[in-house]
1. Take the conditions modelled with pLDDT under 95, out of contact with any strand residue (DSSP E or B) (no Cβ under 7 Å at 6 or more places or on another chain), in a helix (DSSP H, G or I) and not charged (D, E, K, R) and apply them to residue 7. Does it pass?
2. Looking at segment 48-59 only, could you name the residues that are crowded, with 16+ Cβ neighbours inside 10 Å and over 16 Å from residue 12 (Cβ atoms)?
3. Need pairs with beta-carbon distance below 8 Å; first residue within 19 Å of residue 64 (Cβ to Cβ) and among the charged types (D, E, K, R) and within segment 76-90, second modelled with pLDDT of 90 or more and not in a loop (DSSP other than H, G, I, E, B); sequence gap 6+ or separate chains.
4. Show the residue pairs meeting these rules: Cβ distance below 9 Å; 6+ apart or different chains; first residue within segment 10-39 and on the phi > 0 side of the Ramachandran plot and among the aliphatic types (A, V, I, L, M); second residue buried (at least 18 other Cβ atoms within 10 Å of the Cβ) and part of a helix (DSSP H, G or I).
5. Residue under question is residue 78, and the condition is that it be in a helix (DSSP H, G or I) and at pLDDT below 95; does it hold?
6. Inspect all residues belonging to segment 32-46 and state whether any of them is under 10 Å from the mean Cα position of the chain (by Cα), among the hydrophobic types (A, V, I, L, M, F, W, C) and either farther than 14 Å from residue 78 by Cα or modelled with pLDDT of 95 or more (or both).
7. Any idea which residue in segment 10-26 is farthest from the chain's Cα centre (by Cα), counting only those that are at pLDDT 95 or above and of a type in the set (Asp, Glu)?
Amino acid sequence: MPTLQVMHEDLTGQVRQIMADTFGVDETDLPDSPSQATFDRWTSLLHMVLLVALEEHFNVTFSMDEMTSMTSQDRVVEVLRTREPLGVLA
């Protein structure tokens with residue numbers, strides 16, 4: 001069984017790949033922890049595209065509060081981790 005650290009790294013890796021695809025960059029070109037405040041490509045339009053891509057990939061639906069708070073990679077991972085018991089990482 002994978003450790004929590006491995007599962008967290010896998011989730012972060014999946015989120016980073018979705019971000020790279022959404023923002024049209026190579027994953028290696030993303031900052032270590034991108035956010036709307038630190039990454040110019042993260043526009044309001046691409047924020048919505050990112051949220052839809054995350055919902056589709058992880059088969060979840062975000063609340064309005066979650067959507068407005070998910071303005072950094074760390075926060076995206078934090079919100080998705082609340083879904084782990086529902087099989088997000090299965």
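The values are calculated or read from the model by the stated rules, or taken from the named source; none is laboratory data. Note that the structure is a prediction, hence the values are computed from the model and not measured. A quick note on method: Cβ atoms are made from the backbone with ideal geometry, for glycine too, and the neighbour counts reach across all protein chains shown.
1. yes
2. 51
3. 83/58
4. From segment 10-39, no pairs qualify.
5. Numbers: in a helix (DSSP H, G or I): yes; at pLDDT below 95: no.
Considered against the rule, which asks whether it is in a helix (DSSP H, G or I) and at pLDDT below 95, residue 78 comes out as no.
6. Within segment 32-46, not a single residue is under 10 Å from the mean Cα position of the chain (by Cα), among the hydrophobic types (A, V, I, L, M, F, W, C) and either farther than 14 Å from residue 78 by Cα or modelled with pLDDT of 95 or more (or both).
7. Per the criteria, the residue is 26.
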